[in-house]
Amino acid sequence: MNEMQQGPGAVDTMGSAEMTRTLLVWFVLVGATVSTYLIGAERAINSDRIVAAMVIGIAAVKVWLVAWQFMEVNRAPAGLRHAINAYCVGLVALLLALYLIG
Amino acid sequence: MTVLETLAERDRQQAVPGEPGLWVLILGDLLIFGWFFALIVMFRNENPALFAAGQAQLHQDYAMFNALVLLTSSLLVANGMRMLRMGNPRASRMFAGAIVCGAVFAGVKAIEYTSLVNEGHLVAANEFFLYYFFFTGLHLGHVVLGMAALAVAAVWARPRHARRPRRERAIEGVAVFWHLVDLLWIVLFALLYLMR
């Protein structure tokens, strides 16, 4: 009977909308996973550098999506949101710089 | 809506998921793994031939399957958390489903490790396999720890347990940790299995 204690149905509707959005994000993540597999493992692209850049870039976007929608960083205070954004941007910049320059 | 209600609503909408202290551990883990990810890229640059030869022995299809399994477990945990907040009695089943996904991940990893060892690719075989077993083994440790935490969450989320805010926060913390497990695999999969 906890639904009753939580008050008006608006809360439930918000929760349901978030669940639908999470499902959509899951579809995007599955699509991205299969895409990176095709790029990296199935040798769909010849250039090693382009493959590495795409695989690292897509991984960073996936990390951000998991943090944002699954970890619910989207509703966290600004400090945590900025920390996660900085981590994702920093990760892709560091790994690409090491790969391309090193 | 009174001022107090407005503040409470804002507080509810802008809250750190789980205990704030847990995020110190989560962000610390992310930074340590960030360093590990950099080490993998540097190792690949210094030994491109060894890296390519080692990677060719890995089972990329298993790793992709496992990535999809962890993504699905994350979906179950994220929506299980929302169901719990909505008072839905099936929330506990979502966490149980995620534990099954974790077990599938560990099982596939065990098959992969066994086949590599049988082919003679041991930890000591070369530096690539040292990196591979160390990083994936450390991640597997996270999976096992996460499964144990999810088991507690699944019990606490059962409808016969009274809803307590502190427990709900603890379950939120377990959920955040499980998503971290998923997130780390996303990058390990990209770097160890796919990056050339």
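Here, each number is a calculation from the coordinates, and none is a lab measurement. Given the structure is predicted, the values throughout are model-derived calculations rather than measurements. Note: ideal-geometry Cβ built from the backbone for every residue, glycine included; neighbour counts use all protein chains shown.
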note = With the 8 Å Cα cutoff and a minimum separation of six or more residues, chain B has a relative contact order in percent of 33 percent
ask   = Ranking B:F129, B:F37, B:F134, B:F95 by Cβ neighbours within 10 Å, fewest first, what do you get?
value = B:F134, B:F129, B:F37, B:F95
query = Which of the trypsin sites (Lys or Arg not before Pro) found in the range A:34-101 are loop residues per DSSP with 16 or fewer other Cβ atoms within 10 Å of their Cβ?
reply = A:R43
message = Show me the GluC sites (Glu not before Pro) within the range A:5-102 that DSSP assigns to loop and that have at most 15 other Cβ atoms within 10 Å of their Cβ.
response = A:E42
note = Fewest-first ordering of B:D61, B:D29 by Cβ atoms within 10 Å yields B:D61, B:D29
query = Once amide H atoms are placed 1.01 Å from N in the peptide plane, what residues at a sequence separation of 5 or more from B:R196, or on another chain, have their amide H within under 5 Å of its amide H?
reply = A:A52
query = Expressed as a rounded percentage, what relative contact order does the range B:63-140 have, with Cα pairs under 8 Å and six or more residues apart?
reply = 25 percent
remark   = Dividing the mean separation of Cα pairs under 8 Å (6+ apart) by the residue count of chain A yields a relative contact order in percent of 24 percent
message = Given the C-alpha atoms of chain B, compute the convex hull and give its volume per residue in Å³.
response = 124 Å³
inquiry  = Along its three principal axes, how long is the protein assembly as shown when you only count alpha carbons? Whole Å, largest extent first please.
reply    = 66, 37, 32
key: Cα gyration tensor shape for the range A:5-102, rounded if a/c is under 1.5, else prolate or oblate   = oblate
